[in-house]
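Below you'll find the structure, written out as structure tokens, and then a few comments.
The values are calculated or read from the model by the stated rules, or taken from the named source; none is laboratory data. Keep in mind that what you see is a predicted model, and the values were worked out from it rather than measured. Here the Cβ is made from the backbone with ideal geometry for all residues, glycine too, and neighbour counts use every protein chain on show.
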Amino acid sequence: MCKRFNALKMAFRGAALTINSVLRRQIYPQSFAYGEKKYSESVSSKPKARSGAQSAQEHLIYTEEHFALKESLNKIIATEINPYVDQWEEEAMFPAHKIFKILGNAGFLGVNKPIEYGGLGLDYSYSVAVAEELGNIRCGGIPMAIGVQSDMATPALARFGSAELKNEFLQPSIMGDKVVCLGVSEVGAGSDVASIKTKAVRKGDELVINGGKMWTTTGTQADWMCLLANTSDGPPHKNKSLICLPMNLPGIHIARKINKMGMRSSDTAEVFFDDVRVPYKNIIGQEGLGFTYQMLQFQEERLWGVANILTSMDNIIRETIEYTAQRQIFKQPVLHHQVVHFRLAELETEVELLRSLLYRATAMYIKGNDVTKLASMAKLKAGRLARELSDSCLQFWGGMGYTSDVLVSRFYRDSRLMSIGAGADEVMLSIICKYMDTLPRK
């Protein structure tokens with residue numbers, strides 16, 4: 001069946017048929033199924049009940065094709081990922097090449113990427129649907145790494161890169177043959193991207209790179225890096241370029257794999273560059289526009305992150321309801337105490353409001369609108385709500401919530417990154433204030 005699916009997918013890429021006919025009749029048939037494996041109910045990736053619309057008739061932006069896409073991805077999650085999450089969390093790393101190849105073969109790493117480079121050529125709403133479904137993975141680290149591969153490190157390359165670079169780096173990343181990491185943050189420059197110090201100096205037909213990158217997701221396994229570096233001494237917003245950097249070049253040193261409180265199954269590296277030479281032609285798009293390209297990548301990264309964490313929050317609420325319904329305290333289920341079910345109702349309301357904001361931003365983005373303000377609002381709200389929700393739900397689990405045996409404690413640790421990565425809450429507030437014209441004049 002997988003061979004049939006791959007053949008049909010390749011036929012779609014080659015013939016560029018219409019989206020509806022392809023997705024309905026060829027790529028995601030309702031009868032399509034991956035092999036099933038037995039695993040405990042505790043790692044089931046398919047909730048008994050979910051929030052939000054569950055059919056095209058009820059949904060604001062999804063069609064039947066979106067739901068077929070999500071269903072097919074859910075089968076992969078259930079058989080190839082969730083049964084092994086606990087093991088990968090213990091090992092502090094998941095096999096990126098293996099998992100990405102499975103996802104790449106099924107078309108999930110290039111949903112909105114060009115057909116000619118192995119993508120499905122769909123609009124960004126399909127990437128949001130994929131991000132939502134990946135939220136059913138029983139940890140935060142693996143979905144984050146998948147998102148880096150599909151929607152954080154490759155959008156600029158797909159949009160602005162040369163055909164040569166796309167063939168060498170984009171296509172194998174979409175197919176899952178190469179793992180990519182994103183090199184932006186540094187020890188002294190995280191949310192303040194303009195302050196990065198890594199330099200790429202031109203010498204003839206090459207760039208000589210010196211510096212280092214921090215918090216590099218999948219950095220110890222990556223085959224190439226989408227690197228942001230200073231390529232001139234001009235103004236900080238106009239002197240940067242994005243560069244496709246193979247990770248096997250002389251002078252690249254993986255200094256360490258960082259030990260984190262959360263996102264355990266995703267390896268995070270500190271990387272140093274010592275006179276690393278790369279062809280000048282590896283610059284993505286126009287030299288000096290790297291900062292602008294990266295800001296555009298951030299918009300997709302932020303929307304993707306919101307979509308992903310929404311599903312996780314749905315699952316935490318659902319599992320908390322199930323647990324508190326059977327756990328007794330003072331001769332009645334915990335759920336029956338008004339403070340508990342009222343609080344869960346409040347949290348569910350907040351989740352649904354965030355979902356509406358995400359779908360509005362996605363719909364506007366597809367139409368070509370600037371959604372920087374909405375994406376920043378959504379990310380800000382998602383990070384704060386994730387902290388609020390995980391803390392409240394963990395409290396209702398009591399002592400069990402303080403163990404590593406339940407999803408809520410893992411989510412409590414993993415979701416804390418939402419208010420830090422891809423621009424901290426304070427940066428989101430500054431962006432929102434800029435669009436509100438309330439920032440002090442310099």
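The rows are residues; the columns are (1) aliphatic (A, V, I, L, M); (2) under 15 Å from THR154 (Cα atoms); (3) not in a helix (DSSP H, G or I).
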{"residue": "SER72", "(1), (2), (3)": "no, no, no"}
{"residue": "GLU80", "(1), (2), (3)": "no, no, no"}
{"residue": "PRO83", "(1), (2), (3)": "no, no, no"}
{"residue": "TRP88", "(1), (2), (3)": "no, no, no"}
{"residue": "PHE100", "(1), (2), (3)": "no, yes, no"}
{"residue": "GLY121", "(1), (2), (3)": "no, yes, yes"}
{"residue": "VAL130", "(1), (2), (3)": "yes, no, no"}
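A single entry from GLY135, GLY161 fulfils the requirement of being outside the structural domain of LEU303 (by TED's automatic domain parsing) and touching a helix residue (DSSP H, G or I) at 6+ places or on another chain (Cβ under 6 Å): GLY135.
In the stretch 216-272, what count of residues is obtained for those that are part of a strand (DSSP E or B), among the acidic types (Asp, Glu) and out of contact with any Ser or Thr (no Cβ under 9 Å at 6 or more places or on another chain)? Qualifying residue count for the region: 0.
Do we find a residue being aliphatic (A, V, I, L, M), more than 28 Å from ILE254 (Cα to Cα), part of a helix (DSSP H, G or I) and in contact (Cβ under 8 Å) with a residue 24 or more places away in the chain anywhere in the stretch 292-306? Outline the logic, then answer.
Step one: of the stretch 292-306, the residues aliphatic (A, V, I, L, M) are 295-296, 303, 306.
Subsequent filtering for residues that are more than 28 Å from ILE254 (Cα to Cα) retains 303, 306.
From the residues that got through so far, the ones that are part of a helix (DSSP H, G or I) too are 303, 306.
Narrowing further to those that are in contact (Cβ under 8 Å) with a residue 24 or more places away in the chain: 303, 306.
Looking for residues that are aliphatic (A, V, I, L, M), more than 28 Å from ILE254 (Cα to Cα), part of a helix (DSSP H, G or I) and in contact (Cβ under 8 Å) with a residue 24 or more places away in the chain, one finds at least one in the stretch 292-306, hence yes.
Mind checking which residues of the stretch 322-348 are farther than 16 Å from LEU394 by Cβ, part of a loop (DSSP other than H, G, I, E, B) and among the charged types (D, E, K, R)? Passing the criteria: only LYS331. Scanning the stretch 303-342 for residues that are at pLDDT below 95 and surrounded by 22 or more Cβ atoms within 10 Å (Cβ to Cβ) yields a total of 0.
Residues of the stretch 264-305 that are in contact with a strand residue (DSSP E or B) (Cβ under 8 Å, 6 or more places away or on another chain) and hydrophobic (A, V, I, L, M, F, W, C): ALA269, VAL271, PHE272, PHE273, VAL276, VAL278, ILE283, ILE284, LEU289, PHE291.
How many residues does the stretch 248-263 contain that are out of contact with any strand residue (DSSP E or B) (no Cβ under 6 Å at 6 or more places or on another chain) and of a type in the set (A, V, I, L, M)? Here the count works out to 2. The single residue among LYS166, LYS203 that is over 26 Å from PRO235 (Cβ atoms) and among the basic types (Lys, Arg) turns out to be LYS166.
Can you spot a residue in the stretch 200-222 that is under 20 Å from ARG159 (Cα atoms), touching a Cys at 6+ places or on another chain (Cβ under 9 Å) and either at pLDDT 95 or above or not assigned by TED's automatic domain parsing to the domain that holds ALA158 (or both)?
Just the residues of the stretch 200-222 that are under 20 Å from ARG159 (Cα atoms), to begin with: none.
No, that holds for no residue.
Would the stretch 324-342 turn up any residue that is out of contact with any Ser or Thr (no Cβ under 8 Å at 6 or more places or on another chain) and within 22 Å of CYS139 (Cα to Cα)? Checked the stretch 324-342: at least one residue is out of contact with any Ser or Thr (no Cβ under 8 Å at 6 or more places or on another chain) and within 22 Å of CYS139 (Cα to Cα). Note on the stretch 415-442: residues that are in a helix (DSSP H, G or I), closer than 14 Å to VAL306 by Cα and not basic (Lys, Arg) amount to 6.
Based on this model, can you work out whether GLY399 counts as surrounded by fewer than 22 Cβ atoms within 10 Å (Cβ to Cβ), assigned to a helix (DSSP H, G or I) and without any contact (Cβ under 8 Å) to a residue 40 or more places away in the chain? Full working, then the answer.
Values: surrounded by fewer than 22 Cβ atoms within 10 Å (Cβ to Cβ): yes; assigned to a helix (DSSP H, G or I): yes; without any contact (Cβ under 8 Å) to a residue 40 or more places away in the chain: yes.
So GLY399 fits the description; yes.
Do you know which residues across the stretch 154-170 are of a type outside the set (A, V, I, L, M), farther than 13 Å from ASP223 by Cα and assigned to a helix (DSSP H, G or I)? Even if it seems obvious, please write down each step before you answer.
Step one: of the stretch 154-170, the residues of a type outside the set (A, V, I, L, M) are 154-155, 159-162, 164, 166-169.
Next, only the ones that are farther than 13 Å from ASP223 by Cα stay: 154-155, 159-162, 164, 166-167.
Once the filter is applied, which keeps residues that are of a type outside the set (A, V, I, L, M), farther than 13 Å from ASP223 by Cα and assigned to a helix (DSSP H, G or I), the stretch 154-170 yields PRO155, ARG159, PHE160, GLU164, LYS166, ASN167.
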